[in-house]
Amino acid sequence: MANVVIIGAGGVGHVVAHKCAQVPEVFEQITLASRTLSKCETIAAGVRDRTGREIAVRRVDADRVAELTALFREIKPDLVINVALPYQDLTIMDACLETGVHYLDTANYEPPDTARFEYSWQWAYRDKFEQAGLMALLGSGFDPGVTNVFTSWIAKHALDDLHTLDIVDVNGGDHGRPFATNFNPEINIREVTAPCRHWEDGAFRETPAMSRNTRFYCPESVGEYSIYRMYHEELESLVTYYPSLRRAQFWMSFSENYLKHLEVLQNVGMTRIDPVTYQGVEIIPLQFLKAVLPEPSSLGEDTRGKTCIGVIAGGTSDGEPKTVYVYNICDHQDAYRELGSQAISYTTGVPAMIGAQMMLRGEWMKPGVWNMEQFDPDPFMDALNRHGLPWTVQDPATVSVP
Ligand SMILES: NC(=O)c1ccc[n+]([C@@H]2O[C@H](COP(=O)([O-])OP(=O)(O)OC[C@H]3O[C@@H](n4cnc5c(N)ncnc54)[C@H](OP(=O)(O)O)[C@@H]3O)[C@@H](O)[C@H]2O)c1
């Protein structure tokens, strides 16, 4: 029976709070803390209505280690689930080290002033966490997260050697708004406008953002979508832990409408992350844009359609070439009916709760800083089936990315 603090009362925090509340035998005491207390209170009221459970709420500025350590000393959690923004990863890790608390997140650290996606900053904490006897689990969302676990499941059960990896993230959901992002707009737009990097023959190769696309036919009538190659953080850990990979790529679907809006916003300078002075005040254009776009957590009611996210891995099995596909399909309206959330927050929040459960039950518990593919995938895969994200295996795969 454990005591957890969830940090971040956004779209993902909403799902994590509800999903933890659904598992009282593991999550006995839950505190939701965020920058805006009223958002925590709204989520806590939803948890009370849906599950009958009370969760505590607190205000905290997670950019300040002193505020975090004071909170952790008061609540004495076993584990902190960080679903605030990637900018807060290091301050929360520092506070965990200072107060002796395990740590989990869903996105790697990014410095606010440069859109650089890499694990270097968090991997540098390995010795400190190991010496403190504490565990940090990085990237326990869907991608990264479940995609890493799908890869390790394929490596364990379906292929002897991995040679190629294509992670395909299709969001077939339509929210009916002219332009909106499905998770934090600032983080989302930084990610999709960054140059593309993919792994080929022992090195990351850089190409312009959105310069390569293809059509992808999803299984189970989800539909056919244009997918674009882009960099995504799990590529870094997967090529590190599966050195037999000759090529690893990440693909995401975008509608023409989304890309048209994004191009205009880029052209007029609204996606810039350097400060500009406006009426004597310094503002970051992308942060201003976030303030005028719809909150991702408000999109649930109107979003129709499904997500289809999976891993296509090629390699050998008993000396023969083979390709295997493991995927999950999540219906936006099913997620809304269960938790009042859209599927992007749902597919991120459920694996965050499962990762926390793996750690707290001792199934995945080891001092140090770890990525998801470094643990036995089997108990995590079983939990996905039980907690709302069932998966399917095509062995051999009938889908492909040219
Ligand atoms: N791995 C995956 O599959 C995946 C997928 C989607 C998202 N994610 C990650 O999940 C995280 C949450 O995404 P989201 O869509 O839920 O974002 P969101 O709706 O913007 O929520 C973020 C929350 O964090 C809070 N916050 C921001 N700065 C804070 C600070 N300094 N101190 C305390 N709280 C702070 C915000 O507070 P305010 O409301 O006061 O601003 C907000 O409630 C992000 O890191 C995102 O990258 C991962």
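The values are calculated or read from the model by the stated rules, or taken from the named source; none is laboratory data. Small disclaimer: the values here were computed from a predicted structure and weren't measured. Cβ: placed from backbone, ideal geometry, glycine included. Neighbour counts: every protein chain shown.
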- Message: Looking at the stretch 318-328, can you tell me whether even one residue there is in contact (Cβ under 8 Å) with a residue 12 or more places away in the chain, over 28 Å from T214 (Cβ atoms) and surrounded by 15 or more Cβ atoms within 10 Å (Cβ to Cβ)?
- Response: no
- With respect to the numbered conditions (1) surrounded by 23 or more Cβ atoms within 10 Å (Cβ to Cβ); (2) not in a loop (DSSP other than H, G, I, E, B), which one is the sole condition not fulfilled by D143? (2)
- Item | Enumeration of residues in the stretch 384-393 that are surrounded by 16 or more Cβ atoms within 10 Å (Cβ to Cβ) and in contact with a Gly (Cβ under 9 Å, 6 or more places away or on another chain) | W391
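Here's the yes/no breakdown for (1) part of a strand (DSSP E or B); (2) polar (S, T, N, Q):
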| site | (1), (2) |
| --- | --- |
| E301 | no, no |
| I312 | yes, no |
| V324 | yes, no |
| N328 | yes, yes |
| S341 | no, yes |
| Y346 | no, no |
| I354 | no, no |
- Message: Can you pull out every residue in the stretch 356-375 that is assigned to a helix (DSSP H, G or I) and acidic (D, E)?
- Response: E373
- Item | Selected residue (criterion: nearest to the ligand (Cβ to nearest atom)) from residues of the stretch 273-294 that are loosely packed, with under 15 Cβ neighbours inside 10 Å and in a loop (DSSP other than H, G, I, E, B) | P275
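Scan the stretch 267-290 for residues that are of a type outside the set (F, W, Y) and either in contact (Cβ under 8 Å) with a residue 12 or more places away in the chain or under 19 Å from V12 (Cβ atoms) (or both) and report the count.
Within the stretch 267-290, the first condition is being of a type outside the set (F, W, Y), and the residues that meet it are 267-277, 279-287, 289-290.
Now restrict to residues that are either in contact (Cβ under 8 Å) with a residue 12 or more places away in the chain or under 19 Å from V12 (Cβ atoms) (or both): 269-274, 284-287, 289-290.
The qualifying residues number 12.
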- Message: Step by step: first the residues of the stretch 34-81, then only those that are touching a Cys at 6+ places or on another chain (Cβ under 7 Å) and either more than 27 Å from P111 (Cα to Cα) or among the small types (G, A, S) (or both), then the one that is nearest to the ligand (Cβ to nearest atom). Which residue is that?
- Response: S34
- Query: Applying the selection to the stretch 82-100, what residues are away from the ligand (no atom under 16 Å from the Cβ) and buried (at least 18 other Cβ atoms within 10 Å of the Cβ)?
  - Reply: L97, T99
- Query: Looking at I354, I344, I312, which one is crowded, with 23+ Cβ neighbours inside 10 Å and either among the charged types (D, E, K, R) or away from the ligand (no atom under 16 Å from the Cβ) (or both)?
  - Reply: I312
- Only one of (1) over 19 Å from H232 (Cα atoms); (2) without any contact (Cβ under 8 Å) to a residue 60 or more places away in the chain; (3) in contact with a Leu (Cβ under 7 Å, 6 or more places away or on another chain) does not apply to D94, and that is (3)
- Note on the structure: Sole miss for T99 among (1) touching a His at 6+ places or on another chain (Cβ under 8 Å); (2) of a type in the set (V, I, T); (3) closer than 30 Å to A70 by Cβ is condition (1)
- What's the number of the condition A62 fails, among (1) part of a loop (DSSP other than H, G, I, E, B); (2) under 20 Å from A343 (Cα atoms)? (2)
- If the Cβ limit is 8 Å and pairs must be 6+ apart or interchain, which residue in the stretch 100-121 that is modelled with pLDDT of 85 or more pairs with which residue that is more than 13 Å from the ligand (Cβ to nearest atom) and of a type in the set (D, E)? V101/D78; H102/D78; N108/E118; E118/E236; Y119/E236
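Name the residues in the stretch 8-41 that are in a loop (DSSP other than H, G, I, E, B) and among the hydrophobic types (A, V, I, L, M, F, W, C), would you?
First, pick out the residues of the stretch 8-41 that are in a loop (DSSP other than H, G, I, E, B): 8-10, 22-26, 35-36.
Answer for the stretch 8-41, where residues must be in a loop (DSSP other than H, G, I, E, B) and among the hydrophobic types (A, V, I, L, M, F, W, C): A9, V23, V26.
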- Message: So, in the stretch 1-41, exactly how many residues are surrounded by fewer than 24 Cβ atoms within 10 Å (Cβ to Cβ), farther than 19 Å from E67 by Cα and hydrophobic (A, V, I, L, M, F, W, C)?
- Response: 5
- Query: Can W251 be described as in a strand (DSSP E or B) and within 16 Å of the ligand (Cβ to nearest atom)?
  - Reply: yes
- Task: Spot the failing condition for C196; the list is (1) surrounded by fewer than 20 Cβ atoms within 10 Å (Cβ to Cβ); (2) hydrophobic (A, V, I, L, M, F, W, C); (3) in contact with a Lys or Arg (Cβ under 6 Å, 6 or more places away or on another chain), and only one is missed.
- Result: (1)
- Query: Does the stretch 42-59 include one or more residues that are of a type outside the set (G, A, S), in a helix (DSSP H, G or I), surrounded by 24 or more Cβ atoms within 10 Å (Cβ to Cβ) and modelled with pLDDT of 95 or more?
  - Reply: yes
